[in-house]
1. So is Ala89 surrounded by fewer than 18 Cβ atoms within 10 Å (Cβ to Cβ), farther than 23 Å from Phe19 by Cβ and at pLDDT 90 or above or not?
2. Can you name the residue in segment 58-86 that is modelled with pLDDT of 95 or more and assigned to a strand (DSSP E or B) and is also nearest to Gln139 (Cα to Cα) among such residues?
3. Among the residues of segment 96-108 satisfying the criterion of being modelled with pLDDT under 95 and either of a type in the set (Ser, Thr, Tyr) or more than 10 Å from the chain's Cα centre (by Cα) (or both), which is farthest from Ile5 (Cα to Cα)?
4. Within segment 69-86, track down each residue that is surrounded by fewer than 24 Cβ atoms within 10 Å (Cβ to Cβ), in contact with an Asp or Glu (Cβ under 6 Å, 6 or more places away or on another chain) and not β-branched (Val, Ile, Thr).
5. Any idea which residue in segment 1-27 is nearest to Ile73 (Cα to Cα), counting only those that are free of Cβ contacts under 8 Å to residues at least 40 places away in the same chain and outside any helix (DSSP H, G or I)?
6. Checking Gln139 against (1) surrounded by 16 or more Cβ atoms within 10 Å (Cβ to Cβ); (2) part of a helix (DSSP H, G or I); (3) touching a Ser or Thr at 6+ places or on another chain (Cβ under 8 Å); (4) modelled with pLDDT under 90, which single condition isn't satisfied?
7. What's the number of the only condition in (1) among the basic types (Lys, Arg); (2) in a loop (DSSP other than H, G, I, E, B); (3) at pLDDT 95 or above that Arg114 fails to meet?
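The values are calculated or read from the model by the stated rules, or taken from the named source; none is laboratory data. Remember, predicted model here, so these are calculated numbers, not experimental data. Cβ placement follows ideal geometry from the backbone for every residue including glycine, while neighbour counts extend to all protein chains displayed.
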Amino acid sequence: HHILIVDDERINRRVAGRFSTKLGATSAELADGDEVLAYIKERHPHLLAPPTSTTRAGGDGDTPAGADRLDAILMDIQMERTRGDEVVAMLRGMGLRIPVIACTGNAGAHDVARYREAGFTSVLTKPFSLADVAGVLVQAVSVHHLANGTRG
């Protein structure tokens with residue numbers, strides 16, 4: 001699996017990247033939400049494909065030949081320039097369907113409801129452990145693949 005890690009704190013990106021490696025995944029890192037759309041348009045444009053009557057809707061995880069794979073995004077909420085909840089809402093509006101997991105220190109019931117409303121699949125509360133990351137990623141990616149009839 002390939003994971004995109006988006007956090008304005010370098011140490012958080014490094015920890016999440018190490019956890020991804022320990023879980024057998026590869027990862028890419030971005031330092032702010034405003035970098036995400038350009039990255040996906042450049043590296044993973046197939047994930048923003050609009051739904052048609054003959055294909056599954058949008059970015060369902062299927063990777064066309066020659067395209068880079070992206071299975072999930074771990075995204076901080078509070079970043080310097082662009083908030084994660086704003087980015088995920090925009091991406092969902094453009095057809096992105098892969099799991100996007102909020103990584104935050106603010107995980108009260110009201111916050112979690114707001115994150116889900118914005119389009120996050122699930123929430124990881126900082127600081128998180130390897131087991132936390134593994135559990136959330138396995139569940140989110142498995143459910144996504146089952147719902148879309150794709151393979152993980």
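1. Numbers: surrounded by fewer than 18 Cβ atoms within 10 Å (Cβ to Cβ): yes; farther than 23 Å from Phe19 by Cβ: yes; at pLDDT 90 or above: yes.
When the stated conditions are applied, Ala89 passes them.
2. Filtering segment 58-86 for residues that are modelled with pLDDT of 95 or more and assigned to a strand (DSSP E or B), the one nearest to Gln139 (Cα to Cα) comes out as Ala72.
3. Gly108
4. Met79, Glu80, Arg81
5. Ser27
6. (1)
7. Every listed condition holds for Arg114 apart from (2).
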